[in-house]
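Here is the structure we will look at, set down as structure tokens.
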Amino acid sequence: MERRPIIIVNTDNYPTFCDNRCNNTDCKKHMANMRFHTGGCKISKLRDTEECEGYISKWKQSHKEIEQIKREMRETGIK
């Protein structure tokens, strides 16, 4: 069996991006902003931590939008 070296990288100074995949795309740590970064980075789940800039649930946001559309349709008389 071939022995491979163990490589340890110090990531203390690497920027952290969030892997929660929420709808808060204005967040500086949102995973979508990682495409503008060059070099190494850390990816973590930041929800409910001090670093989180506000979690926005995709399901809750889409559910609110659907309810708003239903309400508007009822007001205009569309079933």
In the full protein assembly as shown, how much of T25 is accessible to a 1.4 Å probe, in Å² to the nearest 10? 90 Å²
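Suppose the chain between A32 and E67 were pulled fully straight at 0.36 nm per residue; how much longer would it get relative to their current alpha carbon spacing?
Values: separation 35, 0.36 × 35 = 12.60 nm, distance 2.72 nm.
Working it through step by step, the gained length comes to 9.9 nm.
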Calculated diffusion of the chain, Stokes-Einstein form, Kirkwood radius summed over Cα pairs, 37 °C and 0.692 mPa s, µm²/s: 207 µm²/s
Helix-only CD estimate at 222 nm, as mean residue ellipticity for the chain, using -39500 (n - 2.57) per DSSP H run (n ≥ 4): -8000 deg cm²/dmol
Give me, ordered by chain and number, the residues 5 or more places off L46 or on other chains with an amide H under 5 Å from its own placed amide H. D19, N20
Spelling it out for N24: with amide H atoms placed in the peptide plane at 1.01 Å from N, the residues 5 or more places away or on another chain with amide H under 5 Å from its amide H are I56
Extension length gain for E75 and I43 (0.36 nm per residue less Cα distance), in nm, is 7.0 nm
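Leaving out ligands and nucleic acids, and using a 1.4 Å probe, what accessible area per residue does the chain come to in Å²? The partial results should precede the final answer.
Numbers: 7170 Å² over 79 residues.
Solvent-accessible surface per residue comes out at 91 Å².
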Ordered by residue, what ³J(HN,Hα) values in Hz, to whole numbers, does the stretch 56-66 give under the Karplus form 6.51 cos²θ - 1.76 cosθ + 1.60, where θ = phi - 60° and Gly and Pro are x? 10, 5, 5, 5, 5, 5, 5, 5, 5, 5, 5
Separation of the K60 and R21 label points, Cα + 7 Å toward Cβ, nm: 1.9 nm
Ordered by residue, what ³J(HN,Hα) values in Hz, to whole numbers, does the stretch 37-47 give under the Karplus form 6.51 cos²θ - 1.76 cosθ + 1.60, where θ = phi - 60° and Gly and Pro are x? 8, 10, x, x, 7, 10, 10, 9, 8, 9, 4
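When only DSSP loop residues count, what GluC sites (Glu not before Pro) in the chain have their Cβ near at most 16 other Cβ atoms within 10 Å?
Counting only loop positions with at most 16 other Cβ atoms within 10 Å, the GluC sites (Glu not before Pro) in the chain are E2, E50, E51, E53.
The values are calculated or read from the model by the stated rules, or taken from the named source; none is laboratory data. From a predicted model like this one, the values you see are computed outputs, not experimental measurements. Using ideal geometry, Cβ is built from the backbone for each residue, glycine included, and neighbour counts are taken over all protein chains shown. Heavy atoms of the whole protein, side chains included, go into the accessibility calculation; ligands, DNA and RNA do not. Shrake-Rupley method; radii C 1.70, N 1.55, O 1.52, S 1.80 Å.
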